[in-house]
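What follows is a set of notes on a single structure, which appears directly below.
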Amino acid sequence: GFSSNAKAVSLAQLSALEAESGVWSSWVTNFTHAGLSAALETGQPNADPLLPHRNRQAFVLTAERVLLFNARSWTLMQVIALSEFASITTSSYSPSLIVLRMHRLPDVVLDATQSIRNRLVD
């Protein structure tokens with residue numbers, strides 16, 4: 001996972017508070033890996049929400065941010081300050097879908113196990 005990957009820890013550039021508080025990480029499927037609008041458009045093969053080599057990501061939660069890393073390359077794909085979150089939305093129709101609603105950024109749509117979803121919502 002994240003904590004045992006030197007490249008990911010280096011890319012994260014954790015603040016003193018984040019390093020002291022620790023991080024929580026898990027694997028998710030990010031359907032909006034190429035952005036919300038790209039996920040809804042057709043004809044963009046690299047933006048396809050179902051591409052496993054692009055949508056499989058490590059979700060890292062710190063005291064200040066959420067970091068999303070590509071699972072294959074450990075490339076830092078997205079950084080979201082916790083202050084940017086408007087809400088975390090779930091659906092009663094899906095035990096695994098999570099929508100991260102943002103104030104100024106496009107929303108992020110994730111799929112995770114139900115236990116991960118429950119932990120994030122708590």
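Below are the figures for this structure:
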quantity: Mean Cβ count within 10 Å, highest first, over the residues of peptides 97-103, 40-46; calculated: 97-103, 40-46
quantity: Inter-part distance where the stretch 53-122 and the stretch 21-36 are each reduced to a Cα centre, Å; calculated: 4
quantity: Local net charge near Ser15, Cβ-Cβ under 14 Å (Lys/Arg +1, Asp/Glu -1); calculated: -2
quantity: Value at 222 nm in deg cm²/dmol, rounded to 500, when DSSP H runs of n ≥ 4 in the chain each add -39,500 (n - 2.57); calculated: -5500 deg cm²/dmol
quantity: With every protein chain in place, the chain: carbon and sulfur % of accessible area (1.4 Å); calculated: 53
quantity: Contact order relative to length of the chain, as percent, for alpha carbon pairs under 8 angstrom and 6 or more apart; calculated: 22
quantity: Derived scalar couplings ³J(HN,Hα) [the stretch 104-114; Karplus, 6.51 cos²θ - 1.76 cosθ + 1.60; whole Hz; x for Gly, Pro]; calculated: 10, 9, x, 5, 10, 10, 10, 10, 8, 4, 4
quantity: Solvent-accessible area per residue, Å², over the chain with all protein chains present [probe radius 1.4 Å]; calculated: 56
quantity: Where Rh is the Kirkwood radius over Cα pairs, Rg/Rh for the chain; calculated: 0.95
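The values are calculated or read from the model by the stated rules, or taken from the named source; none is laboratory data. Source: prediction; values computed, not measured. No Cβ is skipped: glycine too gets one built from the backbone with ideal geometry, and neighbour counts run over all protein chains shown. Note: accessible area is taken over every heavy atom of the protein model, side chains too, but ligands, DNA and RNA are not part of it. Shrake-Rupley method; radii C 1.70, N 1.55, O 1.52, S 1.80 Å.
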